[in-house]
Amino acid sequence: GVAIAVAFASLERDLIRFLKGDHPGGRSIDLLLEEEVRHAEMFDRLAAHFQAGSEPPPDTFRRLNEIQNPEHRRYLFWLHCLFFEELTVWIYDALARDENIQPTWLAAHRLHAREETQHVLTDSAYLELSTLDTATRTQLSRAFVLYVDAHIDAFFGIASKGRHLRDLPLFDEVLRHRAFARTRTHAPYLATLGARRDAKLVGPPLDLLAEP
């Protein structure tokens, strides 16, 4: 619980920084910002309640800031955001089936998931509105899938242990669970990874891939 609370608060703040600094405003963005600020504050309070240490969570979204091409950077940001927000919805679904879950922890994830269910619609809409051509979208979504595969621990606030998403039970959930439906739509390479779990699939670093 501690690691997730710290990681989620950090990820929410990364999202907020991106939206404030690298995206045009608008009603949907303003509402998204307002709710993400509230989410970050909620997970900060939970982390404090659990007496979390000061160790910073692993980097995830912030690596996207290194990408020079603004259109590529925004597209990859919305893909990461979509996966993260669908992941939080899935986490609530999993927690809700646990009869022994701590009530306050479950209530926090219930509130978070309810609003994130709306946010995934915004994420998906911005991906669909991208002017990038199909070939570029395919290239970027492949890089996204391979990055998440190699850095899944960071989404849970865990220092990397060399694990890959493809080797975890979570990957079957990503491939099938309704919570990840839009991630599968915008990152079809997930299906390729699912069919080739034993293959050595690698891709260039996100910042090199997306240079102008």
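The values are calculated or read from the model by the stated rules, or taken from the named source; none is laboratory data. Source: prediction; values computed, not measured. Please note: Cβ atoms are built from the backbone with ideal geometry, for glycine as well, and neighbour counts cover all protein chains shown. Side chains are part of the model used for accessible areas, which takes the heavy atoms of the whole protein and leaves out ligands, DNA and RNA. Shrake-Rupley method; radii C 1.70, N 1.55, O 1.52, S 1.80 Å.
Please tell me if ALA9 is crowded, with 20+ Cβ neighbours inside 10 Å, of a type in the set (A, V, I, L, M) and either modelled with pLDDT of 70 or more or within 24 Å of ASP153 (Cα to Cα) (or both). Answer is yes for this residue. The C-beta contact set for region 163-183 (first residue small (Gly, Ala, Ser), second residue open to solvent by less than 30 Å² (accessible area, probe 1.4 Å), distance under 6 angstrom, 6+ apart or interchain) comprises ALA179/GLU86.
Quick check: is even one residue across region 120-130 under 29 Å from LEU33 (Cβ atoms), over 18 Å from the mean Cα position of the chain (by Cα) and at pLDDT 80 or above? Yes: one or more hits.
Restricting attention to region 120-150 and to residues that are out of contact with any Lys or Arg (no Cβ under 9 Å at 6 or more places or on another chain) and not in a helix (DSSP H, G or I), the residue that is most open to solvent (accessible area, probe 1.4 Å) turns out to be THR131. In the set (1) loosely packed, with under 15 Cβ neighbours inside 10 Å; (2) modelled with pLDDT of 85 or more; (3) not in a helix (DSSP H, G or I), the condition left unmet by ASP98 is number (2). Scan region 69-95 for residues that are more than 17 Å from ARG184 (Cα to Cα) and hydroxyl-bearing (Ser, Thr, Tyr) and report the count. Total meeting the criteria: 1.
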